[in-house]
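The values are calculated or read from the model by the stated rules, or taken from the named source; none is laboratory data. Nothing here was measured: the structure is a model prediction, and the numbers come from that model. FYI the Cβ positions are ideal-geometry reconstructions off the backbone, even for glycines, and counts take in every protein chain you see. Accessible surface areas use protein heavy atoms only, side chains included; no ligands, DNA or RNA. Shrake-Rupley method; radii C 1.70, N 1.55, O 1.52, S 1.80 Å.
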Amino acid sequence: MSYLNDEETFLVKTVRDFIDREVKPSVQEVEHANEYPEKWIEQMKQIGIYGLAVPEEYGGSPVSMPCYVQVTEELARGWMSLSGAMGGHTVVAKLLVLFGTEEQKAKYLPRLATGEIRATMALTEPGGGSDLQAMTTTAKRDGDDLVISGAKTWITNARRSGLIALLCKTDPTATPRHKGISVVLVEHGPGLTVSRDLPSSGTRVSSRVS
């Protein structure tokens, strides 16, 4: 039984053909050279992979969950780094769709859909790993500004993402503690430093940074 409609079936086939034609013949060389696959990322944009969780009214091409899973499987079959390059981006796009203001949706979703800007999540911290309740990064109001203090680590694609969904504590005294956590949308600029690339044994060009 197929869970995909004709358009979704064609999309999965397109991704499968892209992997077999472009990625698999040279993926080992690219991996060992620690080379960022800019050409492949651009081709993924052309296929529409970065807009799979964005509504049509914002320029996306939303698909069903079974289709998204199969697209992810095809990318991972070619190279885990490619599935990593779309995963966090899709999560942020979905967060905006579900919880973003109309202004945020209009500002970011059309550019996320095309891959003009790519997004990532910033959760993990040097002292607490991925333990949300142990995070120490805070965001405090200062007049009309929101001042964020803290450090994140092991953030996939942070160096190449134009939008970061940063998890931080806006109410450190909240009980239970997870109720005091918020997601703040952050762009690169003064006050945000991406320090160093972190070594890993695989999926290296997913570019985990501190």
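For the peptides 184-194, 128-138, the ranking by packing is 128-138, 184-194, with the highest mean count of neighbouring Cβ atoms within 10 Å listed first.
In order along region 17-26, phi translates into HN-Hα couplings of 5, 4, 5, 5, 7, 9, 8, 4, x, 10 Hz, rounded to whole numbers, per the Karplus curve 6.51 cos²θ - 1.76 cosθ + 1.60 with θ = phi - 60° and x for Gly and Pro.
Calculate for the chain the 222 nm mean residue ellipticity that helices alone would give, adding -39,500 (n - 2.57) per DSSP H run of length 4 or more and normalising by residue count, nearest 500 deg cm²/dmol.
Numbers: 6 runs with 76 residues, N = 210.
Rounded to the nearest 500, it is -11500 deg cm²/dmol.
In the chain, the DSSP beta bridges split such that about 75 percent are antiparallel, to the nearest 5. Measuring between their Cα centroids, region 35-110 and region 111-149 lie 20 Å from each other. Computed from Cα atoms, the angle from the helix 80-99 axis to the main principal axis of the chain rounds to 60 degrees. Remark: for residue pairs Lys45/Lys94; Lys107/Lys169; Lys39/Lys152, the C-alpha separation exceeds 22 Å in Lys107/Lys169; Lys39/Lys152.
Which peptide among 24-37, 69-82 comes first, and what is the full order, when sorted by highest mean count of other Cβ atoms within 10 Å? Please report the intermediate quantities before stating the final value.
Details: 24-37: 13.4, 69-82: 20.1.
Descending mean neighbour count gives 69-82, 24-37.
Residue-normalised convex hull volume from the C-alpha trace of region 10-149: 146 Å³ per residue. Note that region 54-210 presents 53 Å² accessible area per residue, ligands and nucleic acids not counted, probe 1.4 Å.
Using R0 = 22 Å, the C-beta based FRET efficiency linking Leu185 and Asp131 works out to 0.45.
Cα-based Rg of region 100-182 per 2.2 N^0.38 Å, rounded to two decimals?
Values: Rg = 14.2 Å, N = 83, 2.2 N^0.38 = 11.8 Å.
Cα Rg divided by the expected 2.2 N^0.38 Å: 1.20.
Determine the shape class of region 60-118: with a ≥ b ≥ c the square roots of the Cα gyration tensor eigenvalues, call it rounded for a/c under 1.5, and otherwise prolate if a/b is greater than b/c, oblate otherwise. Prolate, because a/c is 1.5 or more and a/b exceeds b/c.
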